[in-house]
Amino acid sequence: MKFEKEVKERWGNTEAYAEFNEKTAAYSKERFADINTGLEYIFRDFAELMKSGAEPNSAEAQALVKKLQDYITENYYACTDEILKGLGQMYIVDDRFKNNIDKYAIGTAEYAGKAISIYTK
């Protein structure tokens, strides 16, 4: 994992980190690639919604946030609203995440972050 040391330092003592390690221990490289592709599709959908003019508080955007939360829970760890809120903030303030998400359309990270913030209020 590219950022494994940072992840372990920041979240190594959390239940989510332990669950992630347990859940993904048997994942092959191909399985991880498939999961990452699934996340990419979700962020592409956020970009498409944004470009369509849908507001972050729209039913479609909020349903997509729920889909993201469920996807993370299914494949990595229990993604509580609190964890999801932190992810949404990270998508906006951490340039690594922001640049990766914005490759679908400039502003996608901020759009997704706002939608997540609304969802987790």
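The values are calculated or read from the model by the stated rules, or taken from the named source; none is laboratory data. These numbers come from a predicted model, not from an experiment. Please note: Cβ atoms are built from the backbone with ideal geometry, for glycine as well, and neighbour counts cover all protein chains shown. With ligands, DNA and RNA removed, areas are computed over all heavy atoms of the protein, side chains included. Shrake-Rupley method; radii C 1.70, N 1.55, O 1.52, S 1.80 Å.
Run the accessible area of the chain with a 1.4 Å probe and give the carbon-and-sulfur part as a rounded percent. Display every interim value, and only then the final one.
On the way: 3890 of 7520 Å².
Ligands and nucleic acids excluded, carbon and sulfur give 52 percent.
Just to be sure I understand the model, the point goes 7 Å from the Cα along the line to the Cβ. What's the resulting Ser58 to Ile106 distance in nm?
The answer from the label model is 2.1 nm.
Which of the helices in the chain meet the span-like rule: DSSP H, Cα axial reach of 27 Å or more, Kyte-Doolittle mean at least -1.0? Don't skip to the end; give the middle numbers.
On the way: long enough: 29-52 (34 Å, -0.44).
Helices meeting the criterion: 29-52.
For a quick check, take a GNM of the chain with Cα springs below 10 Å and name the residue from Ala59, Ala78, Ala109 with the largest mean-square fluctuation.
Ala59
Per residue, how much accessible surface does the chain expose to a 1.4 Å probe? Answer in Å², no decimals.
With the other protein chains kept in place, the chain gives 62 Å² per residue.
Computed from the coordinates I sent, P(r) over Cα pairs in 10 Å bins from 0, in percent equals one of (i) 13, 44, 35, 8, 0; (ii) 13, 35, 26, 14, 8, 3, 1, 0; (iii) 14, 47, 32, 6, 0. Tell me the label.
(i)
Output the pairs from Lys29/Lys98; Lys23/Lys98; Lys51/Lys98; Lys85/Lys121; Lys23/Lys103; Lys51/Lys85 with a Cα-Cα distance over 20 Å in this structure; if there are none, say none. Mind dumping the intermediate values first?
Values: Lys29/Lys98 24 Å; Lys23/Lys98 26 Å; Lys51/Lys98 17 Å; Lys85/Lys121 9 Å; Lys23/Lys103 29 Å; Lys51/Lys85 23 Å.
Table pairs above 20 Å Cα-Cα are Lys29/Lys98; Lys23/Lys98; Lys23/Lys103; Lys51/Lys85.
Gain in length, Glu40 to Val93, computed as 0.36 nm per residue apart minus the alpha-carbon separation, to one decimal in nm? Write down the numbers at each step before the final one.
Values: separation 53, 0.36 × 53 = 19.08 nm, distance 1.90 nm.
Contour length minus the Cα-Cα distance gives 17.2 nm.
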